[in-house]
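To keep things clear, I will list the structure first and then write my remarks on it.
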Amino acid sequence: MTLLFRIALRAIMRNKLRSSLTILGIVIGVGAVIAMVSIGQGAKVMVEKQIESMGTNVLLVVPISTTHKTAKGSPTGPITLTPEDAIAIEKECSAIDYVSSTIRTTTQVVYGNLNWATSIQGVVPDYQIIRNWPLESGKFIGVQDVNTMSKVCVLGKTVVDNLFGTLDPVNKWVRVSNMPFRVIGVLSAKGQSAMGQDQDDVVLMPFKTVQRKIMGVTYVGAIFASSISSEAQPEAIGQIASLLRQRHRLKPNEENDFNVISMIEFASTIMETSRTMSILLGSIASVSLIVGGIGIMNIMLVSTTERTREIGIRMAVGAREKDILLQFLTEAIVLSSIGGVIGVIFGIVASRLVSYFGGWPSLLSPPAIAIAFLFSNLVGIFFGYYPASKASKLNPIDALRYE
């Protein structure tokens, strides 16, 4: 076997440029597969983190009318959810653990001579548990803050960075809608959501404060709820739907005036999309390997023709069909193996460069590297077998006469 390997290397080195170009096809193929799979894996991990940041077993109840807005952003119909709906869900739905009424608006937050346009969200204490959102400093909104409509707020990291920089904002005052609010806490950074929104660009306030003092309304923008477990989500959705239909006095033939969204289902859809994209990227990159294999077949066929006389001499001195077959097959495998090794290095470097310069996340997958290298060898065997078989079946007499 060592002798075959040495003969194969000698034959490859005889035509360095041609062999290098053949190997290049395998290098690009293996490198592309590793880079694409790494980027796909990195994107998958990023999506998983974004999904985790949504919260624990989260259900979102939204009024149907909020999904149909005019050009100015106002709802086309009456908002049907009320604070009493949220209280009823918490009391009467056994599959629900925590509930938070929420309401949202957008306005300027002012500190000193700086201002920042951000999302103002009214919440209750359970919101922090549902969203699984720890504090970096200070404290969260309490029940008393909600009941007394206290002018306090908890800031997201993006707001802190833009208004306070390196200063500690806790116990400092900001102005919202010309009203002073005391900062009581700072939320830990969550980053972007699965929909690409900056979750840290937010100011949380007591629900009633935003509802009555800032917006002057009586409805609820949405209701966040947390089921007792992920397995209990279908039951929780059914309980919420049944309860709200009863409270909103909807007839059997009337459609729901609300929608219950499961974040687990939403996450599953995103993960499935991510997996599909990873498979697609890997498949596209694999085409390069096939092209590299065709290059090996081409070079081996040319080599067989050029070395017809050499094959005849080998057969004349006792080489069997099997020996000729193994000789040319070994050359094809050596070519693909060299290309595979260089391709692995190229793929690792390429994935790092794409991640660094393009801002794309990448995660190297050892199984993907092993499979890409193994596949490159299989390509060498598959595309090298026909030329090797053709060489082994040459007639020794005809081969010796070949000029």
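No value in this document is a laboratory result; all are computed from the given coordinates. Since the model is a prediction, treat every value here as computed from it, not as a measurement. As a convention, Cβ positions derive from the backbone with ideal geometry for all residues, glycine included, and neighbour counts pool all protein chains shown.
Antiparallel versus total DSSP beta bridges in segment 81-256: what percent is that, nearest 5? Working shown, then result.
On the way: 27 of 36 bridges.
Given both bridge residues lie in segment 81-256, the antiparallel proportion sits at roughly 75 percent.
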Could you tell me which of the pairs LYS16/LYS44; LYS151/LYS190; LYS44/LYS139; LYS190/LYS251 are separated by over 30 angstrom between their Cα atoms in the structure shown?
LYS16/LYS44; LYS44/LYS139; LYS190/LYS251
Give me the distance in nm between label points sitting 7 Å out from Cα along the Cα-to-Cβ direction at ARG247 and GLN192, one decimal.
3.6
Given a Förster radius of 25 Å and the C-beta distance between THR308 and LEU24 as r, what FRET efficiency does 1/(1 + (r/R0)^6) yield to the nearest 0.05?
0.40
Within a 10 angstrom radius of the beta carbon, how do SER229, SER262 rank from fewest other beta carbons to most?
SER229, SER262
Fewest Cβ neighbours within 10 Å first, please rank ASP161, ASP85, ASP168 accordingly.
ASP168, ASP161, ASP85
Dipole magnitude of the chain about its Cα centre (Cβ charges: Lys, Arg +1; Asp, Glu -1), debye to nearest 20:
1100
Toward the positive end of the charge dipole of segment 81-256, about the Cα centre and with charges on Cβ (Lys, Arg +1; Asp, Glu -1), which of ASN256, GLN239, VAL143 goes farthest?
VAL143
Projected onto the charge dipole of segment 77-165 (unit charges on the beta-carbon of Lys, Arg, Asp and Glu, signs +1, +1, -1, -1), the Cα from TYR98, TRP116, GLN128 with the largest positive-side position is that of TRP116
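Only Lys, Arg, Asp and Glu count, each charged at its Cβ (+1, +1, -1, -1), so figure out the dipole size of segment 81-256 about its Cα centre, rounded to 20 debye. Please report the intermediate quantities before stating the final value.
On the way: 17 positive and 17 negative charges, 142 e Å.
The dipole of segment 81-256 has a size of about 680 debye.
For the chain, which DSSP H helices look membrane-span-like by this rule: Cα extent along the axis of 20 Å or more and mean Kyte-Doolittle of at least 0.5? It would help to have the intermediate numbers written out before the result.
On the way: long enough: 16-53 (54 Å, 0.97); 233-247 (21 Å, -0.37); 263-306 (65 Å, 1.15); 321-358 (53 Å, 1.30); 366-392 (38 Å, 1.02).
Helix filter hits for the chain: 16-53, 263-306, 321-358, 366-392.
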Top positive-direction residue, dipole computed over the chain with Cβ charges, set CYS153, THR82, MET277:
MET277
A correct Karplus calculation of ³J(HN,Hα) over segment 158-165, with 6.51 cos²θ - 1.76 cosθ + 1.60, θ = phi - 60°, whole Hz and x for Gly and Pro, returns 5, 5, 4, 4, 7, 9, 10, x
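At a 10 Å Cβ-Cβ cut-off, how would you order LYS172, LYS157, fewest neighbours first? Mind dumping the intermediate values first?
Values: LYS172 15, LYS157 19.
Going from sparsest to densest Cβ surroundings: LYS172, LYS157.
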What spacing in nm lies between the two simple spin-label points modelled at ARG212 and ILE284, each 7 Å away from Cα in the Cβ direction?
5.6
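Hey, any idea what the orientation-averaged projected area of the convex hull of the chain's Cα atoms comes to, in nm²? Provide the component values of the computation, followed by the final result.
Details: hull surface 117.6 nm².
That works out to 29.4 nm².
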Under the helix-only model (-39500 (n - 2.57) for each DSSP H run of 4 or more, divided by the residues of the chain), the mean residue ellipticity at 222 nm, to 500 deg cm²/dmol, is -18500 deg cm²/dmol
Test of understanding: express the Cα radius of gyration of segment 81-256 as a ratio to 2.2 N^0.38 Å, with N the residue count.
1.10
